[in-house]
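*Asks:* So that we are looking at the same thing, I have put the structure below in structure tokens.
The values are calculated or read from the model by the stated rules, or taken from the named source; none is laboratory data. Remember, it's a predicted structure, so these values are computed and weren't measured experimentally. Counting neighbours? That spans all protein chains shown, and the Cβs are built from the backbone with ideal geometry, glycine included. The protein model used for the area step is the full one, side chains on, heavy atoms only, and it has no ligands, DNA or RNA in it. Shrake-Rupley method; radii C 1.70, N 1.55, O 1.52, S 1.80 Å.
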Amino acid sequence: MRENQNRDEEAARWTARRLSGEMSPEETAGFEAWLADPENRAAFEACAAAAASLDAHAASLLAASFEEELHAEQAARESRRRSWTAGALAASLAAVAAAGLIAAFVIGGRDAVARYATARGETLRVSLADESLVTLNTASRIEVAYSKRARRINLVEGEALFDVRRDPEKPFLVATRHGEVSVTGTVFAVRSDDAQTDVFVVSGAVSVAPPANGAVMVLAGQRVAMDGSGRSSAVEAFDPNLALAWREGKARFRNAPLGEAIAELNRYFERPLTLGDPSLADRPVTGEFDIRDQQTAINALVVAFDLEPHAENGSIVLEPASR
Amino acid sequence: MTKNTGDPALARRLKNLERAIRAHDSLIVGWLAAKLGDAEVARDIAQEAYLRAWRYAQEAPIDNPRALLFKTAANLAANEFVARRRARLRGPQAGETGPDGTFDDLASDAPSPEQTALARSDARLSLAAIDALPRKVRRAFVMSRFEERTYGEIADELSVSVSSVEKYIITALKALRAAVEKGSENAGKATVVDFPARRLKRRRK
């Protein structure tokens, strides 16, 4: 019935080229020339109007397309998961889930939750239902929710060392506001403050999953950090004698800037230390401090750096000794 | 949020949903973040989807918690997408044909009630036409028109060649044009659609 089938075909072709948004200048010139014919223009406009005729339904059409993408993504993950051979690794990576929000959500549901907390300067050792051991460092808080499928810990704040009893059926998951750490059995510490979460692995391997990049494997003797960007740092070696000295009631430093060492010590002390002279902050510190005894720590600093302590507004200011 | 009833069916339902949320949270959040280019918005939308699903589960049985989560997240993401597109059209470039060669100008003018009525009848036929198309053709058109993805990206998503994508788009355009023109013929009038208001006047004779 149509003589204009060619024209209509061309119109659809040009409209598709225009929709691609990838026309070369030559193509555009060709298009303009074709469009100069009024009948061509009418055919093109009819095609363009047809393309726009569903605009009122953009949301429902997009939703259906998005839904298909999610199902496809799920199917792809499923087949990747099946192709893994190492069972334990698969279990820990498959259990990669979300951080604080989801933990809070689930805990707000119906699992029985146990809560443990320490005050500043305190540590606490807890034996959990599966005989895994948790040691809470200073000013720390955890929520423990065990279910048939998983052992979930929410590290609300502070630092905890986990000695996890092996159970491949039930991954042990530690969530912080920056991401999630999952293992099936190992020893590792997680430390979380406003800025970032650090994970230190003492033995075995853990999977660390910040929300924005994929899970990262961290092996014994390695540490990794996650921050508010939702990404993880590079995995690097750490010295457990320094990073985990708190287990023995110590803080140890090797060539650490004094400012950092003081910030670390202040995690344990009710009355924070401050430096009276900012230039002191870069002086290197090497040594061991007793984190249960602030006076001894202050004395050590005073002697080593030739300082004078004085109390001020609830804190202790360390000034260069006047002479 | 959680009703404290002794209803064991409800308890089972919520338990299943909770399990599905745990199992698919990283997928949903990761997909949303990639789609919307913003991890924080992704988190918010996922959380909203879980809450909606949770509320829904209080009221009605759920066959497939995962499908419910995907559908809810997809709906919210689509709404966000459309809202962003509208905001863009209201912006300084409103009324122009964008450098990406899309036809925003044809859709951006606020329609009169008559035009809306007409658009609705056009859209009904167009919807039927796009639903009747093969799945990949339909998705290629939706991704191009509403997500403004390049044909290369669409080819990756559908695992086909770029030239196939272009063929799909041409197929979809022809089907949509036929549907729109069928609507016009039914109304007994010409097919030029660049000035719908004038067309309406003619139609009333």
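*Asks:* For the range A:62-71, what does the Karplus curve 6.51 cos²θ - 1.76 cosθ + 1.60, with θ = phi - 60°, yield as ³J(HN,Hα) per residue in whole Hz, taken in order and with x for Gly and Pro?
*Replies:* With coefficients 6.51, -1.76 and 1.60, one gets 4, 4, 5, 5, 4, 4, 4, 4, 5, 5 Hz.
*Asks:* Pulled fully out, how much extra length does the chain show between A:Ser24 and A:Asp130, if you take 0.36 nm times their separation in residues and subtract their Cα-Cα distance?
*Replies:* Answer, rounded to one decimal: 31.6 nm.
*Asks:* Extending each Cα 7 Å along its Cβ direction at A:Ala76 and A:Asp193, get the distance between those two points in nm, one decimal.
*Replies:* Taking the two extended label points, one gets 3.9 nm.
*Asks:* So, in nm, how far is label A:Arg115 from label A:Ser147 when the simple model puts each one 7 Å beyond its Cα toward the Cβ?
*Replies:* 2.0
*Asks:* What's the Kirkwood radius of chain A in Å, using all Cα pairs?
*Replies:* Result for chain A stands at 24.4 Å.
*Asks:* For the range A:249-320, what does the convex hull of the Cα positions come to per residue, in cubic angstrom?
*Replies:* 72
*Asks:* May I ask for the net charge around A:Gln222, where only other residues with Cβ less than 12 Å from the Cβ of A:Gln222 are counted and Lys, Arg are +1 while Asp, Glu are -1?
*Replies:* Cβ neighbours under 12 Å give a net charge of -2.
*Asks:* Moving on to the next point. Using amide H atoms built 1.01 Å from N in the peptide plane, name the residues 5+ places from A:His178, or on other chains, whose amide H lies under 5 Å from its own.
*Replies:* Correct list: A:Gly100.
*Asks:* Now, a different point. For A:Asn299 and A:Arg41 in the same chain, what is the full-extension length gain: residue separation times 0.36 nm, less their Cα-Cα distance, in nm?
*Replies:* 84.0 nm
*Asks:* Stokes-Einstein at 20 °C, 1.002 mPa s, Kirkwood radius from Cα pairs: D for the range B:9-89 in µm² s⁻¹?
*Replies:* Diffusion coefficient, whole number: 164 µm²/s.
*Asks:* Let me ask you something else. Taking chain A as a Gaussian network, Cα atoms linked when under 10 Å apart, which of A:Pro25, A:Pro309, A:Pro284 shows the biggest mean-square fluctuation?
*Replies:* In this elastic network of chain A, the residue with the biggest mean-square fluctuation among A:Pro25, A:Pro309, A:Pro284 is A:Pro25.
*Asks:* Could you work out the percent of alpha carbon pairs in the range A:99-243 separated by over 22 Å, rounded to a whole number?
*Replies:* The answer is 32 percent, as a whole percent.
*Asks:* Find the Rg to Rh ratio for the range A:2-56, where Rh is the Kirkwood radius over alpha-carbon pairs and Rg uses the same atoms.
*Replies:* 0.98
*Asks:* Can you list the aspartates and glutamates whose alpha carbon sits under 12 Å from that of A:Lys148, skipping same-chain ones fewer than 8 residues off?
*Replies:* Straight-line reach from A:Lys148, under 12 Å: A:Asp111, A:Asp130, A:Asp167, A:Glu169.
*Asks:* With the convex hull built on the Cα atoms of the range A:141-186, state its orientation-averaged projected area in nm².
*Replies:* Projected area, direction-averaged: 3.0 nm².
*Asks:* Another question, if that's okay. Compute the angle between helix A:38-52 and the longest alpha-carbon principal axis of chain A, please, reported from 0 to 90 degrees and rounded to the nearest 10.
*Replies:* 40
*Asks:* Kindly write out, for the range B:63-78 in residue order, the coupling ³J(HN,Hα) from the Karplus curve 6.51 cos²θ - 1.76 cosθ + 1.60 (θ = phi - 60°), rounded to whole Hz, with x marking Gly and Pro.
*Replies:* 6, 9, x, 4, 4, 5, 5, 4, 5, 5, 5, 5, 4, 5, 5, 5
*Asks:* When the helix-only estimate is applied to chain A (DSSP H runs of n ≥ 4, each -39,500 (n - 2.57), divided by the residue count), what is the mean residue ellipticity at 222 nm, nearest 500 deg cm²/dmol?
*Replies:* -10500 deg cm²/dmol, from helical runs alone.
*Asks:* At a 10 angstrom cut-off on C-beta neighbours, averaged per residue, how do the peptides A:53-66, A:160-173 rank from highest to lowest?
*Replies:* Put in order of decreasing packing, that is A:53-66, A:160-173.
*Asks:* Holding the Cα-Cα limit at 30 Å, pick out from B:Lys15/B:Lys71; B:Lys71/B:Lys182; B:Lys15/B:Lys136 the pairs that are longer than that.
*Replies:* B:Lys71/B:Lys182; B:Lys15/B:Lys136
*Asks:* Right, another one. What percentages make up the Cα-Cα pair-distance distribution of the range A:162-230 when the bins are 5 Å wide from 0?
*Replies:* Calculated over all Cα pairs of the range A:162-230, the distribution is 4, 19, 32, 25, 15, 5, 1 percent.
*Asks:* Here is a follow-up. What is the mean projected area of the alpha carbon convex hull for the range B:133-189, to one decimal in square nanometres?
*Replies:* Across all orientations, the range B:133-189 yields a mean hull projection of 4.0 nm².
*Asks:* What does the accessible area per residue of the range A:249-320 come to in Å², with a 1.4 Å probe and no ligands, DNA or RNA counted?
*Replies:* Here the residues of the range A:249-320 average 52 Å² of exposed surface.
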